[in-house]
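Okay, so here's the structure we're looking at.
The values are calculated or read from the model by the stated rules, or taken from the named source; none is laboratory data. This structure is a prediction, so every number in the text was calculated from the model and none was measured. Here the Cβ positions follow ideal geometry from the backbone for every residue, glycine too, while neighbour counts run over all protein chains shown. To get the accessible areas, we keep the full protein, side chains included, count just its heavy atoms, and leave off ligands, DNA and RNA. Shrake-Rupley method; radii C 1.70, N 1.55, O 1.52, S 1.80 Å.
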Amino acid sequence: MSLSGRTLFITGASRGIGLAIALRAARDGANIAIAAKTAEPHPKLAGTIYTAAQEIERAGGRALPLVVDVREESAVVAAVAQCAEHFGGLDICINNASAINLAPIGQIDMRRYDLIQQINTRGTFVTSRACLPYLQKSDNPHILTLSPPLDLRPKWFAGHLAYSLSKYGMSLCMLGLAEEYRAAGIACNALWPRTMIATAAIEFALGGAQMMRRSRKPQIVADAAYVILNRPARECTGQFFIDDSVLYEAGVRDFAPYSVEPGSALLGDLFIDATSPAPPGVQVEFMK
């Protein structure tokens, strides 16, 4: 498997999972457009599009940092065009940019509701749409979105309805695009982690240091994405993948190195429970 010479357009790639995916591709010598808002250092969050570009190039890839707010259609369209012109084409679109707010309906104001819908569902739609004309010229085109498997049980909506609508909207984009572009040979899939992933959202918004210790590193999602993106597009579309299941199928048997604190009980991510069987030996405590 190799992504050598492939061009990836990744939203939200200045840190976290998006950057991890970029760095995994960079090790093969891939071209990566870093499409994110963070041009200036954040007081709490590490990383900008420029520091991400430096890491990508040190890892062996070619980087193009682009200031992009996925809520702005014109900015997305222009960035995708610039990426394709700079690298001579586009092979892979990664919809990673996402906002989280788990407030119940009575506690979330409409400004914040609109924000997460615009970034998550609309941002995925706009970015995928902008990439499609270029992807149709690739010999193995992929769209991969960081969103959950579709499961309409009420428990995944009650208590955090606004966020659930936005993330399921991202997954529905992949469901529809997979069928619409099946004949064109563009793979459209979703990928979601079985456990919490040690990102800024966990550290600062959800659970702090204690939850971070019971999380996995972003590299597990990046390694799973790498496996998916190397599959033939015409044979791999319309799927809702779970990170460790992808890796287990690819031959991985030891998942301990992915844990932030090996030996700690892992916490299951939202939208995943025991009905989704984990690989043998993987123990996860799921949300009720």
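Between a first residue in region 127-155 that is farther than 19 Å from Gln82 by Cβ and in a loop (DSSP other than H, G, I, E, B) and a second residue that is open to solvent by less than 10 Å² (accessible area, probe 1.4 Å) and among the basic types (Lys, Arg), which pairs have beta carbons less than 7 Å apart while being 6 or more apart in sequence or on different chains?
Filtered contacts from region 127-155: Ser147/Lys167; Pro148/Lys167.
Condition test on Arg234, is it among the charged types (D, E, K, R), open to solvent by 40 Å² or more (accessible area, probe 1.4 Å) and touching a strand residue (DSSP E or B) at 6+ places or on another chain (Cβ under 6 Å)? Outline the logic, then answer.
Details: among the charged types (D, E, K, R): yes; open to solvent by 40 Å² or more (accessible area, probe 1.4 Å): yes; touching a strand residue (DSSP E or B) at 6+ places or on another chain (Cβ under 6 Å): no.
Answer is no for this residue.
Output the residues belonging to region 178-188 that are touching a residue at least 24 places away in the same chain (Cβ under 8 Å) and either part of a loop (DSSP other than H, G, I, E, B) or surrounded by 24 or more Cβ atoms within 10 Å (Cβ to Cβ) (or both).
Just the residues of region 178-188 that are touching a residue at least 24 places away in the same chain (Cβ under 8 Å), to begin with: 178-179, 181-182, 184-188.
Scanning region 178-188 gives Tyr181, Arg182, Ala184, Gly185, Ile186, Ala187, Cys188.
When you look at Ala59, is it among the aliphatic types (A, V, I, L, M) and farther than 20 Å from Leu144 by Cα, yes or no?
Values: among the aliphatic types (A, V, I, L, M): yes; farther than 20 Å from Leu144 by Cα: yes.
It is true that Ala59 is among the aliphatic types (A, V, I, L, M) and farther than 20 Å from Leu144 by Cα.
Every residue, every condition in (1) under 18 Å from Gln219 (Cα atoms); (2) touching a Ser or Thr at 6+ places or on another chain (Cβ under 8 Å), yes or no:
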residue	(1), (2)
Ser14	yes, yes
Ala33	no, yes
Gly61	yes, no
Leu66	no, no
Val70	no, yes
Glu73	no, no
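Just give me the residues in region 270-288 being open to solvent by less than 20 Å² (accessible area, probe 1.4 Å) and within 27 Å of Gly169 (Cβ to Cβ), in sequence order.
Listed by number, the residues that qualify are Leu270, Phe271, Ile272, Asp273.
Just checking, does region 209-216 include any residue being in contact with a helix residue (DSSP H, G or I) (Cβ under 6 Å, 6 or more places away or on another chain), farther than 30 Å from Leu45 by Cα and either open to solvent by 30 Å² or more (accessible area, probe 1.4 Å) or of a type in the set (S, T, N, Q) (or both)?
The answer is no, given that none of the residues of region 209-216 is in contact with a helix residue (DSSP H, G or I) (Cβ under 6 Å, 6 or more places away or on another chain), farther than 30 Å from Leu45 by Cα and either open to solvent by 30 Å² or more (accessible area, probe 1.4 Å) or of a type in the set (S, T, N, Q) (or both).
How many residues does region 254-288 contain that are without any contact (Cβ under 8 Å) to a residue 24 or more places away in the chain and in contact with a Pro (Cβ under 8 Å, 6 or more places away or on another chain)?
Matching residues across region 254-288 total 1.
If we scan region 112-134, do we find a residue that is farther than 30 Å from Gly159 by Cβ, exposed (fewer than 14 other Cβ atoms within 10 Å of the Cβ) and not polar (S, T, N, Q)?
Step one: list which residues in region 112-134 are farther than 30 Å from Gly159 by Cβ, which gives 129-134.
Now drop any that are not exposed (fewer than 14 other Cβ atoms within 10 Å of the Cβ), which leaves 133.
Retained after the next criterion (residues that are not polar (S, T, N, Q)): 133.
Checked region 112-134: at least one residue is farther than 30 Å from Gly159 by Cβ, exposed (fewer than 14 other Cβ atoms within 10 Å of the Cβ) and not polar (S, T, N, Q).
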